Amino acid sequence: MSIPASCRSEFGTHGRLIPAVAGQGPDHMAFDALLLEQCQTTNNPGPVLRFYLWEGSWLSLGRHQTPRSNQWLDLVSNGRLKMVRRPSGGGAVLHGGGLTYALIWPHPPRQRREAYRRVNAWISSGLARLGLELHPGDDPALAGSQNCFASATTADLVDPLGHKRIGSAQFWQRGHLLQHGEIPLAPSQQLWEDVFGAAPPCWQPTAPSAARVEAALTEAIAELWPELSWCVTPISGREQQLVTERAADYEVNDSAVSSNNPEARIDVTAWRSGKPKG
């Protein structure tokens, strides 16, 4: 994931590292979108790597995805699940008991497959420190897949048994990249089965802590991008204000959906689309 010498002047010399914090889904999505926006409006921007946790159980939907499953709506209505709209694409991802990363990459390779490959090289290097061997998947891409973890393409990472371990999605804007990735650590097996009808990916014998995974990935990206000086910078007061103002853009409103309102469930037309602006 090294940077060609000819590109370093455009890339910048400093990267920003934002340590993991727990928060609500819409706030997380608004912050990631804001960081991508800042990348586009900053002279000579460097990459930003952010980790985060989720308060409660959340299902994040891809940018253009519709929550077609009434089972999901039932889980929301029963208070077992919340939904949020990602700025990135892809299928649904269940968050809770895992670690999420957001990488904002100015001037990445123009080929999306190459961008995925380089990010995967970083993740594989980091998780190898924790004893997890990963390699790219080989499934065909499933258009409109409801479950991000249902298949593993060459953009994804699987373990030696072929189980998908990292779910990633991209959003490109004006030549800059936001890549999301979820690393399940200790997800609720029952909730995962209720949402997707399948067992979650599991670490054997036990999962490392989110802090250990964050540390391993931080060390790996520093080695793979040695040209950069990484600065640990939490969210600023101004950024927090903007996140608060924009979080509603990523909400998926469940107020109109209930088991007592079947008409609202038809094609989920009563749901707020939550399509991110921009």
query: List pairs: first in region 100-123 and hydroxyl-bearing (Ser, Thr, Tyr), second open to solvent by 10 Å² or more (accessible area, probe 1.4 Å), Cβ under 6 Å, 6+ apart or cross-chain?
result: TYR116/ALA155
- prompt: Somewhere in region 61-68, is a residue surrounded by 18 or more Cβ atoms within 10 Å (Cβ to Cβ) and over 12 Å from the mean Cα position of the chain (by Cα)?
  reply: yes
query: Which of the residues that make up region 262-277 are modelled with pLDDT under 50 and surrounded by fewer than 12 Cβ atoms within 10 Å (Cβ to Cβ)?
result: PRO262, GLU263, ILE266, ASP267, THR269
query: So how many residues does region 27-56 have that are open to solvent by 40 Å² or more (accessible area, probe 1.4 Å), on the phi < 0 side of the Ramachandran plot and either in a strand (DSSP E or B) or touching a helix residue (DSSP H, G or I) at 6+ places or on another chain (Cβ under 8 Å) (or both)?
result: 2
query: Which residue pairs have Cβ atoms under 6 Å apart, sit 6 or more places apart or on different chains, and have a first residue in region 1-26 that is closer than 26 Å to ARG112 by Cβ and surrounded by 13 or more Cβ atoms within 10 Å (Cβ to Cβ) and a second that is at pLDDT 95 or above and basic (Lys, Arg)?
result: ILE18/ARG50
query: Is it the case that region 173-186 has a residue that's touching a helix residue (DSSP H, G or I) at 6+ places or on another chain (Cβ under 8 Å), open to solvent by 20 Å² or more (accessible area, probe 1.4 Å) and either modelled with pLDDT of 85 or more or not hydroxyl-bearing (Ser, Thr, Tyr) (or both)?
result: yes
query: Taking into account only those residues within region 196-247 that are surrounded by fewer than 20 Cβ atoms within 10 Å (Cβ to Cβ) and of a type in the set (Asp, Glu), which is farthest from VAL158 (Cα to Cα)?
result: GLU245
- line: Filtering region 124-137 down to residues that are within 11 Å of ILE221 (Cα to Cα) and without any contact (Cβ under 8 Å) to a residue 60 or more places away in the chain yields SER124
task: State whether the residues of region 104-120 include one that is under 18 Å from the mean Cα position of the chain (by Cα), assigned to a loop (DSSP other than H, G, I, E, B) and farther than 27 Å from GLN204 by Cβ.
output: yes
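The values are calculated or read from the model by the stated rules, or taken from the named source; none is laboratory data. Fair warning: this is a prediction, and the values are worked out from it, not measured in the lab. Virtual Cβ from ideal backbone geometry, glycine too; neighbours counted across all protein chains shown. Heavy atoms of the whole protein, side chains included, go into the accessibility calculation; ligands, DNA and RNA do not. Shrake-Rupley method; radii C 1.70, N 1.55, O 1.52, S 1.80 Å.
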